[in-house]
Amino acid sequence: SANMPSTPMFTASPKAMSRATRLAATLPSTKAVKIACSSVLSSSSLGGPPAACAGNLVARANRWIKVTASTKQTRRVSLGTVPDFTWSGEGVRLDDVRAGTPADRAGLQKGDIILRVNEAPVDDMRGYAGSLRRLSPGEEIRIDFSRNGKQHRVVTRVTER
């Protein structure tokens, strides 16, 4: 038993655990928080969840909800591109272009690297998503991109997502 890792267990009220569980369930794409909550819940069968962990999860979830509710914009438009999530260079490299979408009709292809949207530089996926969030369905979009080392520009209209 000397070589076995141990976790000190403390008790948290069922009310606090219920709140942490409900908050974690509402957080989109926060696997770490959900996994942490699952760990906390499963540890309850071993003598009770760690109170500090439960309190920390609730506090973080509350902050995330307040910030996100006041600042988050949902993307209302679609261009039809699928970013390459492994790309770490300048811009956003496309992993796919969906058939029949504005990007397809404009001639964008897999491997193209989007560098600017409506004259604004696109440094990464966050910037690219932000550029799309500012648009309304039917709005014109100018895309500067690189293909095989050459710069190109296309103009199309985004559709409703």
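Relative protection proxy for 82-88, 122-128, from highest mean packing down: 122-128, 82-88 (other beta-carbon atoms within 10 angstrom).
As a rough guide to protection, the peptides 141-149, 111-119 ranked by mean Cβ packing within 10 Å, highest first, stand as 111-119, 141-149.
A short reminder: the numbers here are calculations on the coordinates, not readings from a lab. This one's a predicted model, so the numbers in the text were calculated from it and none came from an experiment. Cβ sites come from the backbone with ideal geometry, for glycine too, and all protein chains shown count toward neighbours.
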